[in-house]
Structures are given as C-alpha cells and as structure tokens.
Amino acid sequence: MLTTLEAMAEQYVASDKRTGLEVAVTGEFPPAHEDRIRIARTCTLFTRLLSTILTTENESQRRERFVAVETQLELAEALIREDVEEVQRLMQQTMERMGITKDQLDELAKRIIDQFGDGPGGGGDNPLFPPPAN
C-alpha cells in the first residue's frame, strides 16, 4: 500500500509541433524545482533534435545525423561520468569519421603544445593538456 510520502513515477512528455513526434520520460524525478526544469528542457531539446533529424529527406544523410547525435550523447554521458578513457576513445572515433587520423591529431596536439608551451606559469600546469594520470 502506498502512502502519500512514497515516491511515485512521474512523466514528462514533450512534443514537436512540426512533425507530431512525442517523447515521454518516466521515472522518479528529484523534488528540486530546478532539476525538474532541466528534465523538461532536456526532454524538449531531445524531441526537437529527433524531429529535425527525421525531417531530413535524404536517407543516408539522416542516418549520418543519427550516428553523430548518438556519438555526442555517448560523449556527454562519458564526460558526466568523468570517464576520461571513454571520452578520448569517442573523440578519436569522431575525428576518424571526419577523416582525421590519430597521427594528425597527435601532430596537432604537438603544434599546440609547441606554440603555447606550458602556459604562462610554466611547469606543466596547462589545463588544456594536463599531465597523464599514473
């Protein structure tokens, strides 16, 4: 038997007027008003994004856009989990899809380090290129 204090599943539904696409998110939402706003906004943006992709008439272009969004969502999730290895893997995979090889990325990183050095303080405290974790 549920009491009034027990959490119940909630649902937020977002729809896109252009296509009629509707996305529902169901779960136990945090009570904080700001969190609920973020859930609603994220769901609305996701719905709009899917709707925009679905309106792409060219099938191969539409699939490429889905893959790009999937990769970016995986990247965002890995960043939130602070999984550096997964972030690096996904970034490298994205660059390879764009035709940029690992060697080209390594060369670019070397050029940036050569040009900017270790930053104004020296000693390897450049936030763009932190020292590798042991």
Return the total of residues in the stretch 23-35 being surrounded by 10 or more Cβ atoms within 10 Å (Cβ to Cβ) and either free of Cβ contacts under 8 Å to residues at least 12 places away in the same chain or within 18 Å of L49 (Cα to Cα) (or both).
5
Qualifying residue in the stretch 72-92 (condition: closer than 30 Å to K17 by Cβ, surrounded by 14 or more Cβ atoms within 10 Å (Cβ to Cβ), at pLDDT 90 or above and in contact with a Leu (Cβ under 8 Å, 6 or more places away or on another chain)):
yes
Hey, T44 modelled with pLDDT of 95 or more and not in a helix (DSSP H, G or I) or not
no
What are the residues in the stretch 93-111 that are modelled with pLDDT of 85 or more and open to solvent by less than 50 Å² (accessible area, probe 1.4 Å), if any?
T94, M95
Count, please, the residues in the stretch 36-66 that happen to be loosely packed, with under 14 Cβ neighbours inside 10 Å and of a type in the set (V, I, T).
3
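The values are calculated or read from the model by the stated rules, or taken from the named source; none is laboratory data. Just so it is clear, the structure is predicted and the values come from calculations on it, not from any experiment. Positions of Cβ are backbone-derived with ideal geometry, glycine not excepted, and every protein chain shown enters the neighbour counts. The area values use the complete protein model at the heavy-atom level, side chains included, leaving out ligands, DNA and RNA. Shrake-Rupley method; radii C 1.70, N 1.55, O 1.52, S 1.80 Å.
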